[in-house]
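S.K.: Here it is: the structure, laid out below.
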Amino acid sequence: MIVGELIERLGGELLQGEPATLLAGVADVTEAKELDLVFGETQAAADKAVHGWASAVVVPGDYSLSPGGRMAVIAAAQPRLWFARAAKLMAEPLPPRGVHPTAVVPGDAHLAEALFVGAGAVVGHGAVIGGYCRIEAGAVIGDGVVIGEHCRIYPRAVLYPGTVLGNWVTVHAGAVLGADGFGYVRDAVTGSYTQFPQQGRLVIEDDVEIGANTTIDRGALTETRIRRGVKLDNLVHIGHNCDVGEDVVIASQTGLSGSSTIGRGAVLAGQVGIGDHAHLGDGVILGGQAGVLSGKTLKTTGTVLWGTPAKPLRECLRELATLSRLARRKKD
């Protein structure tokens, strides 16, 4: 793409250079070469980028540019975000190539004309797959699963019956969507367990990315819902009947127990544990290894929450410091 086209699509101002400057991809400043786009978020970082080998750089809107130079310089309010969006626009999508001869696709499945189903993939009866999707090798799409447009299902991902995907959803390798939730009823007399019905559905809304080996359970009697824009890291588990709000980010090894809700824009760091029927408000931030007890409701405090049970970071640090002083005093 050319610089002028990117500015037209993403906004920004060309401070130096030509709108016709051709760009083929993005790179780190230290490894950039001709036809690459780089970025600098501070004056110092932008100065370094401007004197590199790239063909264009995106800099902060208040960047003070020295006159002269060969590079195209683009000013944007959020250079890193502009750079990421430009990278997405320049990434050439893989073309749809039809259905591989070793894929298993029954006659009652509904497949758009422009899509790709890879070697050894299995599509279930009555499944619906929209246009420009890619179902990679060995993926399994269960009976009646519905997949919107522009989705990519990576190798060996499994979508159980009752799973519904919106548009622009990415499911990375080994993810399992729509498996039975962990719900059992105990016989008070014998102590044996009987599975509570796990017959609900799993709904993944638009623009969601699901990391490798992540698992999301279907609802028990209703649904589990992952709302628009959610980004899940690898090795995340979400239990049945959970509702994860828009633009939530969840890092690796975090687990949500059944019937929990996460508000819009929340951030959960690695190894966070959420008890069942817990509720996190909009914008809540949980630091690594934080824990939320079952039935607890947390609202945003304007600070990171940490520890178990989760509480404001400063409060946790004060408690740790007090405990440390008491331990030293006892030792003395």
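The values are calculated or read from the model by the stated rules, or taken from the named source; none is laboratory data. Since the structure is predicted, the reported quantities are computational estimates derived from the model, not experimental observations. Cβ coordinates were reconstructed from backbone atoms using ideal geometry, including for glycine residues, and neighbour counts include every protein chain displayed. Side chains are part of the model used for accessible areas, which takes the heavy atoms of the whole protein and leaves out ligands, DNA and RNA. Shrake-Rupley method; radii C 1.70, N 1.55, O 1.52, S 1.80 Å.
S.K.: Given the rule -39500 (n - 2.57) for each run of at least 4 DSSP H residues, summed and divided by the residues of the chain, what is its mean residue ellipticity at 222 nm, to the nearest 500 deg cm²/dmol?
M.R.: -4500 deg cm²/dmol
S.K.: OK, next. Calculate, for Ala114 and Leu89, the FRET efficiency according to 1/(1 + (r/R0)^6) with r their C-beta to C-beta distance and R0 25 Å; round to the nearest 0.05.
M.R.: With a Förster radius of 25 Å, E is 0.80.
S.K.: Counting only residues 5 or more places away or on other chains, whose amide H sits under 5 Å from the amide H of Gly219 once H atoms are built in the peptide plane?
M.R.: Amide H neighbours of Gly219, under 5 Å, 5+ apart: Gly200, Arg201, Leu202, Thr224, Asn241.
S.K.: Can you pull the accessible area of Thr300 for me, 1.4 Å probe, Å² to the nearest 10?
M.R.: Probe radius 1.4 Å; accessible area of Thr300 about 80 Å².
S.K.: If you don't mind, there's one more thing I want to ask. Points 7 angstrom from Cα along the Cβ direction at Thr42 and Ser324: gap in nanometres?
M.R.: Using points 7 Å along Cα→Cβ, the separation is 2.7 nm.
S.K.: Something else about it: When the dipole is taken about the Cα centre of the chain, and only Lys, Arg (+1) and Asp, Glu (-1) are charged at their Cβ, what size is it in debye, to the nearest 20?
M.R.: Result for the chain is approximately 1440 debye, rounded to the nearest 20.
S.K.: List the pairs from Lys33/Lys88; Lys33/Lys231; Lys48/Lys231 whose alpha-carbon separation is above 23 Å, in the order I gave them.
M.R.: Beyond 23 Å: Lys33/Lys231; Lys48/Lys231.
S.K.: Tell me which aspartates and glutamates have Cα within less than 14 Å of Lys311's Cα, excluding those fewer than 8 residues away on the same chain?
M.R.: Excluding near neighbours in sequence, the set is Glu319.
S.K.: Between Thr303 and Leu35, what length comes free when the chain is fully extended (0.36 nm per residue of separation minus the Cα-Cα distance, one decimal in nm)?
M.R.: Working: separation 268, 0.36 × 268 = 96.48 nm, distance 4.16 nm.
Gain on stretching Thr303 to Leu35: 92.3 nm.
S.K.: To the nearest 10 square angstrom, what accessible area does Lys299 show with a 1.4 Å probe?
M.R.: Around 150 Å² of this residue is reachable by solvent.
S.K.: Could you go through the range 260-271 in sequence order and give the Karplus-derived ³J(HN,Hα) for each residue, using 6.51 cos²θ - 1.76 cosθ + 1.60 with θ = phi - 60°, rounded to whole Hz, and x for Gly and Pro?
M.R.: 8, 10, 10, x, 4, x, 6, 10, 10, 6, x, 6
S.K.: Ordering Arg328, Arg156 by how much accessible area each has at a 1.4 Å probe, largest first, what is the list?
M.R.: Largest to smallest exposure gives the sequence Arg156, Arg328.
S.K.: Between rounded, prolate and oblate, where does the chain land on the alpha carbon gyration tensor, with a ≥ b ≥ c its root eigenvalues, rounded for a/c under 1.5, else prolate if a/b exceeds b/c?
M.R.: Numbers: a/c = 2.79, a/b = 1.18, b/c = 2.35.
Judged from the Cα gyration tensor, the chain comes out oblate (a/c at least 1.5, b/c at or above a/b).
S.K.: Work out the charge dipole of the range 188-332 with +1 on the Cβ of Lys and Arg and -1 on the Cβ of Asp and Glu about the Cα centre, then indicate which of Pro197, Val267, Thr308 is farthest towards its positive end.
M.R.: Most positive-ward Cα: Thr308.
S.K.: Same structure, new question: With a 1.4 Å probe and all protein chains in place, put Leu15, Leu221 in order of accessible area, largest first.
M.R.: Sorted descending by solvent-accessible area, the residues read Leu221, Leu15.
S.K.: Between Ile74 and residues 5 or more places away or on another chain, which pairs have amide H atoms under 5 Å apart, with H built 1.01 Å from N, and which residues are they?
M.R.: For Ile74, the qualifying residues are Leu15, Val57, Val58, Val59.
S.K.: Continuing with the same structure: What does the charge count around Val38 come to, taking other residues whose C-beta lies under 13 Å from its C-beta (Lys +1, Arg +1, Asp -1, Glu -1)?
M.R.: Here the charged neighbours net out to -3.
S.K.: What is the calculated FRET efficiency for Ala24 to Thr190, with r their C-beta to C-beta distance and R₀ = 51 Å, to the nearest 0.05?
M.R.: 0.15
S.K.: Could the peptides 39-47, 237-245, 20-28 be put in order, highest first, of the mean number of other beta-carbon atoms found within 10 Å of their residues?
M.R.: Answer by packing, highest mean first, reads 237-245, 39-47, 20-28.
S.K.: Tell me the per residue accessible area of the range 35-79 using a 1.4 Å probe; a whole number in Å² is fine.
M.R.: Here the residues of the range 35-79 average 48 Å² of exposed surface.
S.K.: Percent of accessible area on the range 156-207 owned by carbon and sulfur, 1.4 Å probe?
M.R.: Roughly 55 percent of what the probe reaches on the range 156-207 is carbon or sulfur.
S.K.: Can you work out ³J(HN,Hα) from phi for every residue in the range 21-38, in order, using Karplus 6.51 cos²θ - 1.76 cosθ + 1.60 and θ = phi - 60°, giving whole Hz and x for Gly and Pro?
M.R.: So the J values, rounded to whole Hz, are 4, 8, 10, 10, x, 10, 7, 6, 4, 6, 10, 5, 9, 4, 6, 8, 10, 10.
S.K.: Another question, if that's okay. How much accessible surface area, in Å² rounded to 10, belongs to the heavy atoms of Ser324 with a 1.4 Å probe?
M.R.: About 50 Å², rounded to the nearest 10.
S.K.: On a 1.4 Å probe surface of the protein chains, which of Tyr193, Tyr63, Tyr160, Tyr154 comes out largest in accessible area, and what is the full order?
M.R.: Heavy-atom accessible area, descending, gives Tyr193, Tyr160, Tyr154, Tyr63.
S.K.: If you don't mind, there's one more thing I want to ask. Residue by residue, what Karplus-based ³J(HN,Hα) values in Hz, rounded to whole numbers, does the range 276-281 have, using 6.51, -1.76 and 1.60 with θ = phi - 60° and x for Gly and Pro?
M.R.: So the J values, rounded to whole Hz, are 5, 6, 8, 9, 10, x.
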